[in-house]
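A short write-up of the structure that comes next.
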Amino acid sequence: MNDEKQLHWLVRPSTIRKLWIGFSVVLTLVVLAQTVIYVKGYFGFDAWFGFGAVYGFVSCLVMVLIAKLLGLFLKRPQDYYDEPEQIKTSEPSHDKVKENSNGV
């Protein structure tokens, strides 16, 4: 318990558990509010019970999967930004230092 007090409050396991419970309760109440509040659908199927929650979840899931798929094609090697070994180990020549100091 002493280690948990040293962590930032947002990364403590007890806080994460409370946030999950709180968000689940709020989302459940929002979906259940549709039993009391009339939702007029423009296309028919968007008036179904819980459509907004299901649509939002599926949309988020599709975006995450597309991002993972894009990551496979766009990722770079871990040492992508490292300098090549030749540049790291080579000593600058005196001629180049003189050229750079003269502004040429």
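How much length, in nm to one decimal, is gained on full extension between residue 49 and residue 61, taken as 0.36 nm per residue of separation minus their Cα-Cα distance?
Values: separation 12, 0.36 × 12 = 4.32 nm, distance 2.00 nm.
Gain on stretching residue 49 to residue 61: 2.3 nm.
Is there a quick way to get the dipole size of region 1-61? I mean about its Cα centre, with the Cβ of Lys and Arg at +1 and of Asp and Glu at -1; what is the value in debye to the nearest 20? Intermediate values should be presented prior to the final figure.
Values: 5 positive and 3 negative charges, 27 e Å.
Around 120 debye, computed over region 1-61.
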Cα gyration tensor shape for region 9-74, rounded if a/c is under 1.5, else prolate or oblate: oblate
Positive-end residue, region 1-76 charge dipole about Cα centroid, Cβ charges, pick of 34, 69, 47: 69
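Just so you know, all these numbers are worked out from the coordinates, no wet-lab data involved. Remember, it's a predicted structure, so these values are computed and weren't measured experimentally. Note: ideal-geometry Cβ built from the backbone for every residue, glycine included; neighbour counts use all protein chains shown.
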